[in-house]
1. Give the residue, chosen from 326, 265, 305, 280, that is touching a Cys at 6+ places or on another chain (Cβ under 8 Å) and on the phi < 0 side of the Ramachandran plot.
2. In segment 364-383, what count of residues is obtained for those that are among the basic types (Lys, Arg) and open to solvent by less than 40 Å² (accessible area, probe 1.4 Å)?
3. Across segment 264-286, what is the number of residues that are part of a helix (DSSP H, G or I) and either at pLDDT below 95 or open to solvent by 20 Å² or more (accessible area, probe 1.4 Å) (or both)?
4. Just name the residue that is nearest to residue 125 (Cα to Cα) out of those in segment 222-234 that are touching a Gly at 6+ places or on another chain (Cβ under 8 Å) and open to solvent by less than 10 Å² (accessible area, probe 1.4 Å).
5. Scan segment 181-229 residue by residue and report those that are of a type in the set (Phe, Trp, Tyr), out of contact with any Pro (no Cβ under 9 Å at 6 or more places or on another chain) and part of a helix (DSSP H, G or I).
6. Can you pull out every residue in segment 348-363 that is farther than 20 Å from residue 300 by Cα and either among the acidic types (Asp, Glu) or surrounded by fewer than 17 Cβ atoms within 10 Å (Cβ to Cβ) (or both)?
7. Search segment 128-143 for residues being of a type in the set (A, V, I, L, M, F, W, C) and buried (at least 22 other Cβ atoms within 10 Å of the Cβ), and hand back the single one that is farthest from the chain's Cα centre (by Cα).
8. Given segment 357-473, what helices (runs of 4 or more DSSP H) lie entirely inside it while holding 2 or more residues that are of a type in the set (Ser, Thr, Tyr) and closer than 26 Å to residue 101 by Cα?
Amino acid sequence: MASSTIASPSASFIPTKKELGRSAFSPASSPFSVPKCRKSISKKIVSVMAPQQSERKPAATGSVKTAMTMTEKILARASEKTHLSPGENVWVDVDILMTHDVCGPGSIGIFKKEFGQNAKVWDREKIVIIPDHYIFTNDERANRNVDILRDFCAEQNIKYFYDIQDRGNFKANPDYKGVCHIALAQEGHCRPGEVLLGTDSHTCTAGAFGQFATGIGNTDAGFVMGAGKLLLKVPPTLRFVMDGEMPDYILAKDLILQIIGEISVAGATYKSMEFVGSTVESLNMEERMTLCNMVVEAGGKNGVVPADSTTFKYLEDKTSLPYEPVYSDQQARFLSEYRFDISKLEPIVAKPHSPDNRALARECKDVKIDRVYIGSCTGGKTEDFMAAAKLFVASGYKKVKVPTFLVPATQKVWMDVYSLPVPGSGGKTCSQIFEEVGCDTPASPSCGACLGGPKDTYARMNEPKASGFEFSI
């Protein structure tokens, strides 16, 4: 695969200052050198570096005593603590609470039940409500969910409600955005150093901005609506160091599928996954969002990428609110560390029926498929459609052989699909290329068939098909 190991998971080490070097998380980072294990048990070469673990030794200096990871620092600041360690339970002030049409009505019901029918939310400007899941459907119950959100936002004077009233033409709704996780970023609700909670498992996407972001249930969300805080347990951190130049045919989806294939779908259960290294630094924000989006598929509590010039540039025209990024200390202790040489990585798929059922794409070349779906929060961003269009250009515009569904994540992505020229295509847009090769017309922005939904949901599979694969796009 992409990297190797000669270290035993049980071997302990004590890093020296020289071995640690400068932290890769500091604003002025330089190459990070990995401390070597004192003892090597196995010399068998496998596909990824085995986790390096160290015992937590008594601190010798004040700086060592207070050393923290990014996630620990963010939660410490949000709980007004000077220091936090994994396993501690703390009340954390929330910067942003997001909910959508599936979980929003339930969260609102709990808020009213526990705080009172006439209660007011803790901060109308810190609650973001985004209809996105079951939107373009004639299902009355799904439509009623959006009505409940609309009534609540009017009652509470919620500032950020991205409403849709004309379901027949999404473009007639200037406030409507689409998939919540992408809209949160595009509308400037993701900021380094903050705490963002949402009633959706893929809320961890926002960790790409160097913030703590995780999914919560309706009960917790109802409480946050009234109190503005939540009791959280500080997770330990797994550190993933990815170096090497990414081949043109590799995307961030390949990186995270490689990681999940190594550690399994339970390998990061209630742990923070921190992504660093030259490869991560080279990724644009959309690719970083893909990386963090799927940490929940490994059981992760949150994923996080250190904020840098790429982050700050993206945010320039997105938010005017001040923010303060944090970075892991040089002496911070990580539960485990993994290293990857991405220059050697090949395109990867996740075979049924689990995201950790990893295989190389070339190993599946004889597998027949019934349909292709490009969309949702992981694969419906502008960069994802660009990648697909480039593949068609490279193939000489070969026609698709199975139904190929396209669901842009947001209105902005939809506009990009129809307006941005694809490199190497002679000025053609993604939409023109997709039409030429026989793909379906790009659908209205939403979660589409990702969560299933009512039977009239676009691209929903209403009859048995061959099991699908999870590709890079």
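The values are calculated or read from the model by the stated rules, or taken from the named source; none is laboratory data. All values derive from a computational prediction rather than experimental measurement. When we count neighbours, we look across all protein chains shown, and the Cβ atoms used for this are built from the backbone with ideal geometry, even at glycine. Heavy atoms of the whole protein, side chains included, go into the accessibility calculation; ligands, DNA and RNA do not. Shrake-Rupley method; radii C 1.70, N 1.55, O 1.52, S 1.80 Å.
1. 305
2. So the count comes out to 1.
3. 4
4. 222
5. 223
6. Matches in segment 348-363: 352, 359, 360, 361, 362, 363.
7. Checking each candidate, the answer is 135.
8. Once the helices (runs of 4 or more DSSP H) in segment 357-473 are filtered for at least 2 residues that are of a type in the set (Ser, Thr, Tyr) and closer than 26 Å to residue 101 by Cα, what remains is 376-379.
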